[in-house]
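Just below is one structure, and these are the notes that go with it.
The values are calculated or read from the model by the stated rules, or taken from the named source; none is laboratory data. Not measured: the values here are computed from a predicted model. Quick reminder, even Gly has a Cβ in these numbers, built from the backbone with ideal geometry, and neighbours come from all protein chains shown. Please note that ligands, DNA and RNA were not included when accessible areas were found on the heavy atoms of the full protein model with its side chains. Shrake-Rupley method; radii C 1.70, N 1.55, O 1.52, S 1.80 Å.
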Amino acid sequence: MLRGKAIPITTTDQRLLDRRGPSDWVHTDPWRVLRIQAEFVEGFGLLAELGMAVSVLEAANKGAMSANGTSVGLGIELPLEQGLNDHVEIGIEFRYFFVRKTMFVKYSQAFVVLPGGFGTLDELFEALTLVQTGKITRFPIVLVGSSYWSGLLSWMRDMVAGRGKISPGDLDLLYVADEPEEVVRIIRAAHTNGEHLGSAAARPEAPLASPPAFQAEVEGG
């Protein structure tokens, strides 16, 4: 409701159709809402029929292509980024981190986390939080490289769980693997049998019946 001096001197239609005047309006928050909505629509449209997918890093794109899988890249607009890697067949670049992460979570049936920096840690802990709080259906989260992740896991066990900030059972949301075969076995068992495996490093190996039937939904870059 606008009254008195708050009533604009031009009509809404006039402001829409008149090309003259400043263009600052395209940078306002209401306009950003439409851009955010457009990114969600574009992402949902691109990935809705993807099928079962696993989120990992760049090397999986190359592997997916060589194995006749589907190689997907979800990029992010950053000053120093070089764009999607050359092994991406289906790709989209996002302006907003939270839209990109929504796509990762919505269309992934597993997270495979390789050694990485702040961005990797951010996505790892967001996935853990969503699973822990029941905001999404539980899926396996696999840390690759026990030597890289051991310090973080020890700190989480001794300090975070040890001081009651999380339940000891919350650590069971994470699996640890050092070989690709271990990663495949964990994902397979979680989805085929619904089996709770605990740490992969603490369990005996199970033979693989056939090659993995997961496409790669991969972080761009």
Scanning region 1-44 for residues that are at pLDDT below 70 and in contact with a helix residue (DSSP H, G or I) (Cβ under 9 Å, 6 or more places away or on another chain), which turns out nearest to SER108 (Cα to Cα)? TRP25
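Is there a residue in region 150-160 that is open to solvent by less than 20 Å² (accessible area, probe 1.4 Å) and not polar (S, T, N, Q)?
Yes, the conditions are met somewhere in region 150-160.
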Name, by its number, the condition in (1) open to solvent by 40 Å² or more (accessible area, probe 1.4 Å); (2) farther than 24 Å from THR192 by Cβ; (3) among the small types (Gly, Ala, Ser) that does not hold for GLY134. (2)
Do we have any residue at all in region 40-60 that's among the β-branched types (Val, Ile, Thr) and free of Cβ contacts under 8 Å to residues at least 24 places away in the same chain? yes
If we keep just the residues of region 177-207 that are of a type in the set (A, V, I, L, M, F, W, C), out of contact with any helix residue (DSSP H, G or I) (no Cβ under 6 Å at 6 or more places or on another chain) and modelled with pLDDT of 90 or more, which is nearest to LEU114 (Cα to Cα)? VAL183
Subset of region 53-72 (residues that are under 14 Å from the mean Cα position of the chain (by Cα) and farther than 16 Å from LEU114 by Cβ): ALA53, VAL72
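Condition first: among the aromatic types (Phe, Trp, Tyr) and either in a helix (DSSP H, G or I) or farther than 24 Å from GLU179 by Cα (or both). Can you find one or more residues in region 108-115 that meet it? Explain how you work it out, then say what you get.
Residues of region 108-115 that are among the aromatic types (Phe, Trp, Tyr), as a first pass: 111.
So of that shortlist, the ones also either in a helix (DSSP H, G or I) or farther than 24 Å from GLU179 by Cα (or both) come out as none.
No.
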How do the pairs read when you match residues in region 70-88 that are modelled with pLDDT of 75 or more and assigned to a loop (DSSP other than H, G, I, E, B) with residues anywhere that are among the aliphatic types (A, V, I, L, M) and open to solvent by 30 Å² or more (accessible area, probe 1.4 Å), using Cβ under 8 Å and keeping only pairs 6 or more apart or on different chains? THR70/ILE90; HIS87/MET65
Mind counting the residues in region 27-65 that are over 21 Å from LYS101 (Cβ atoms) and either open to solvent by less than 30 Å² (accessible area, probe 1.4 Å) or among the small types (Gly, Ala, Ser) (or both)? 1
Somewhere in region 157-175, is a residue modelled with pLDDT of 95 or more, assigned to a helix (DSSP H, G or I) and in contact with a strand residue (DSSP E or B) (Cβ under 6 Å, 6 or more places away or on another chain)? no
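Within region 92-109, how many residues turn out to be within 10 Å of the chain's Cα centre (by Cα) and either on the phi > 0 side of the Ramachandran plot or open to solvent by less than 20 Å² (accessible area, probe 1.4 Å) (or both)? First the steps, then the outcome.
Looking only at region 92-109, we keep the residues that are within 10 Å of the chain's Cα centre (by Cα), and these are 97-108.
Right, trim to either on the phi > 0 side of the Ramachandran plot or open to solvent by less than 20 Å² (accessible area, probe 1.4 Å) (or both) and you get 99-100, 103-104, 108.
Total meeting the criteria: 5.
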